[in-house]
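Report on the following structure.
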Amino acid sequence: MTHAEDDAVEPGAAVVEDLSVPDASAQNGSLAGGRPSLAAWEFAGLFTTYWCNARCAICYVCSGPGCGGEMRVAMAVRLWQELDELAASQGNRMRIHLAGGEPFGDWPRLAAIVRAAHDAGLAPTEKVETNAFWAVNDGLVRSRLELLDAFGMERLVVSTDVYHQEFVPFERVRRCVEIAREVLGPERVRVRWWDFYNEPVDVARLSPNLRRAAQAAALDRHKDRLTGRAASRLSDLLLCRPAEELAGLSCEREVLGSKHVHIDGYGNIFPGVCAGIILGNAATRDVAQVWHDLAALWQEHPVVSAVVAGGSHALMRAATPHGYQPRTEGYAGKCHLCHDVRRFLAARGIWPEHIGPRECYGD
């Protein structure tokens with residue numbers, strides 16, 4: 001949906017999936033007795049909406065034109081302040097980015113969030129992510145970026161690849177990037193991915209077969225994490241293995257060890273690379289309270305406890321009494337298995353406080 005920082009992963013972003021078995025020190029964590037501990041959160045992405053003009057096959061969630069989940073301005077500012085305070089209490093500085101969905105889908109609300117955070121003296125917006133669908137003319141792009149710059153946005157991240165260009169004309173991406181480099185300076189503009197930007201593919205003109213071939217080639221170049229829509233749309237392009245071969249691959253680092261979280265408009269807090277695993281809900285509770293409760297009680301969380309102990313294979317075993325059956329065709333990796341199990345559970349309303357919302361699973 002990232003990746004200058006290992007712990008700051010945006011929706012749809014490419015992450016090489018680590019299939020190695022963690023060493024003993026990583027498994028044991030930092031608490032006495034070898035019990036893994038929850039890392040302090042230092043990076044947070046606010047999902048301003050699940051709405052998106054596109055339905056990219058690589059989507060980290062399942063965003064699209066029919067999605068909702070809009071985050072109110074007041075809620076965004078409250079979460080921002082609470083995240084700042086939590087990081088400060090742990091001796092850190094919080095870094096906030098705005099993501100989606102497509103944040104520019106409701107420009108007045110995006111501008112209001114950035115303005116309100118600035119006026120409240122909160123940490124500056126580290127980055128805003130976009131697919132540039134809105135970049136229809138030079139004046140519009142320049143005026144919007146100048147406003148974001150004036151209210152402290154540090155970077156703009158523009159997505160471009162064979163998945164996004166199925167829905168967004170590349171000319172808009174180029175316009176957005178070129179003007180952003182003028183307004184912000186080249187060092188404050190990031191593109192995912194520069195190789196696709198420098199050699200764009202006219203996906204709209206490709207036949208379905210050639211489009212799938214282009215997606216397969218893209219997966220070979222950038223090893224994307226198969227969650228959200230990517231799990232159902234792209235897994236058949238990769239080598240799949242039986243679930244048993246994924247046993248023992250703990251996700252402690254991704255879930256407890258990550259310093260990064262995402263929070264959606266419903267208040268759901270997710271691990272940075274695992275949208276759809278609800279660590280807690282901050283709609284009516286302070287973020288710090290959610291963190292402290294999770295730190296003390298994560299072993300009671302049915303999803304977190306399973307994936308920390310034995311990864312997605314352990315989660316699959318926990319789902320077996322509820323009727324889950326392994327896919328005969330296998331899985332493209334531990335994330336694919338995890339998402340498939342969680343999608344099964346979500347569809348049946350199992351553990352609704354820990355798995356959701358539908359925008360992370362429905363397509």
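The values are calculated or read from the model by the stated rules, or taken from the named source; none is laboratory data. All of these numbers come straight from a predicted model, not from anything done at the bench. With ideal geometry, Cβ positions are generated from the backbone for all residues, glycine too; neighbour counts draw on all protein chains shown.
So which of PRO124, PRO108 is more than 25 Å from HIS292 (Cβ to Cβ), more than 21 Å from the chain's Cα centre (by Cα) and surrounded by fewer than 16 Cβ atoms within 10 Å (Cβ to Cβ)? Reasoning before the result, please.
Details: PRO124 fails: more than 21 Å from the chain's Cα centre (by Cα).
The match here is PRO108.
Find the residue count for the stretch 84-99, including only residues that are more than 21 Å from the chain's Cα centre (by Cα) and in a loop (DSSP other than H, G, I, E, B).
So the count comes out to 3.
Quick one: what pairs do we get from the stretch 299-313, first residue farther than 15 Å from ALA247 by Cα and surrounded by fewer than 21 Cβ atoms within 10 Å (Cβ to Cβ), second small (Gly, Ala, Ser) and modelled with pLDDT of 95 or more, C-beta under 6 Å, 6+ apart or different chains?
Cβ pairs passing all conditions: GLN299/SER305.
Taking the stretch 183-206 as the search range and keeping residues that are farther than 20 Å from HIS222 by Cα, loosely packed, with under 14 Cβ neighbours inside 10 Å and of a type in the set (D, E, K, R), which one is farthest from the chain's Cα centre (by Cα)?
Of everything passing the filter in the stretch 183-206, ARG205 is farthest from the chain's Cα centre (by Cα).
Determine the pairs where a residue that is surrounded by fewer than 18 Cβ atoms within 10 Å (Cβ to Cβ), located within the stretch 331-356, has a partner that is not in a helix (DSSP H, G or I) with Cβ atoms under 7 Å apart, the partner being 6 or more residues away or on another chain.
GLU353/ILE278
Within the stretch 59-99, track down each residue that is buried (at least 20 other Cβ atoms within 10 Å of the Cβ) and modelled with pLDDT under 95.
TYR60
If I filter the stretch 100-117 for residues that are closer than 15 Å to SER159 by Cα and in a strand (DSSP E or B), do I get at least one hit?
no
Taking VAL191 as the residue in question, decide whether it is of a type in the set (Val, Ile, Thr), out of contact with any Pro (no Cβ under 8 Å at 6 or more places or on another chain), part of a helix (DSSP H, G or I) and over 18 Å from ARG55 (Cα atoms).
For VAL191, the condition - of a type in the set (Val, Ile, Thr), out of contact with any Pro (no Cβ under 8 Å at 6 or more places or on another chain), part of a helix (DSSP H, G or I) and over 18 Å from ARG55 (Cα atoms) - is not met.
How do the pairs read when you match residues in the stretch 167-179 that are buried (at least 17 other Cβ atoms within 10 Å of the Cβ) with residues anywhere that are modelled with pLDDT of 95 or more and among the acidic types (Asp, Glu), using Cβ under 8 Å and keeping only pairs 6 or more apart or on different chains?
ARG175/ASP138; ILE179/ASP138
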